[in-house]
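Have a look at the structure below, then the notes.
Taken together, the values in this text are just the output of simple stated rules run on the coordinates, not laboratory data. All values derive from a computational prediction rather than experimental measurement. Here Cβ is always computed from backbone atoms with ideal geometry, including for glycine, and neighbour counts include all displayed protein chains.
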Amino acid sequence: MANTVYGAPLSPFVRKVRITLAEKKLDHHLEVVLPYAPPEGYEKLNPLKRIPAFQDDEVTLADSAVICHYLDNRHPEHPLLPNDPALRARCEWLEKYADYELFAIATDILFRETLIKPLLKKPTDTDKCAQAFTEALPPLLNYLEEQLGQNDWFVGNQYSLADIAIACQLINMNHAGYDVDADQWPGLANFMQRCLAREAVSQPVAEERKQVDKIRSMI
């Protein structure tokens, strides 16, 4: 069975899996599953009915972190997780930080309120967005700016799954019309430019921007 990813392209977690596959030079098929309307029987792939899910010739998996770690272990070429225990733990921590803390603001508020709710004919909570962007987000970006320091990448100055996870959330924020202020967070802004210069990232993001433009034309 070919590598199959189930989910929607604009999901940061689906994007994380797809970028991981691309960085490892692995082909895959995207089976579109909308997070708000999964098809009947989808719980057999993901019992929580969330996206993404993943299948290959050996496994059926749910959860982006589990999927990406499996891919890195099964396909060790172009590794995205460090072998050193301390660096690996740091990578896993920053991935978790992106998937939970950064997601809660960049995607679950800014992206959802700006693009998804209007698409569903629900009003955007502009006050919630303003508070998230001006109050809740800056401490998260301050931490990431500090963790990056003068390095190009977050873990051992080598491109890793931590970089992918962080970039995936900030891409959703950008889709929603919110950018990392290069004056306030210059390291993080430059980091995003490096990520977007990678073919594995730039190709899906270019496709996603067409989707975002289409959504904006509908709301």
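Below are the figures for this structure:
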| item | result |
| --- | --- |
| For region 1-154: relative contact order, % (alpha-carbon pairs under 8 angstrom, 6 or more apart) | 18 |
| Most positive-pole-ward Cα, ALA176, PRO118, ALA206, against dipole of region 63-219 from beta carbon charges | PRO118 |
| Dipole-positive endmost among GLN55, GLY41, PRO85 within region 25-122 (Cβ charges, Cα centre) | GLY41 |
| Net dipole in debye of region 109-181 [+1 Lys, Arg Cβ; -1 Asp, Glu Cβ; about Cα centre; nearest 20] | 540 |
| Computed over region 61-219: relative contact order in percent, which uses C-alpha pairs under 8 Å that are six or more apart | 27 |
| Too-long pairs where the Cα-Cα distance tops 26 Å, listed order kept, from LYS44/LYS214; LYS44/LYS122; LYS49/LYS96 | LYS44/LYS214; LYS44/LYS122 |
| Assigned charges on the beta-carbon of Lys, Arg, Asp, Glu; the chain dipole about Cα centre (debye) | 600 |
| Part-to-part distance (alpha-carbon centres) for region 58-128 and region 155-204, which is given in Å | 13 |
| Beta bridges by DSSP in region 5-149, antiparallel share as percent, to the nearest 5 | 60 |
| Largest-first principal axis extents of the Cα set of region 1-120 (Å) | 45, 34, 24 |
| Length-normalised contact order of region 1-92 in % [C-alpha pairs under 8 Å, at least 6 apart] | 30 |
| Dipole axis of region 1-95 (+1 Lys, Arg; -1 Asp, Glu on Cβ), positive-most option in LEU94, VAL17, ASN3 | LEU94 |
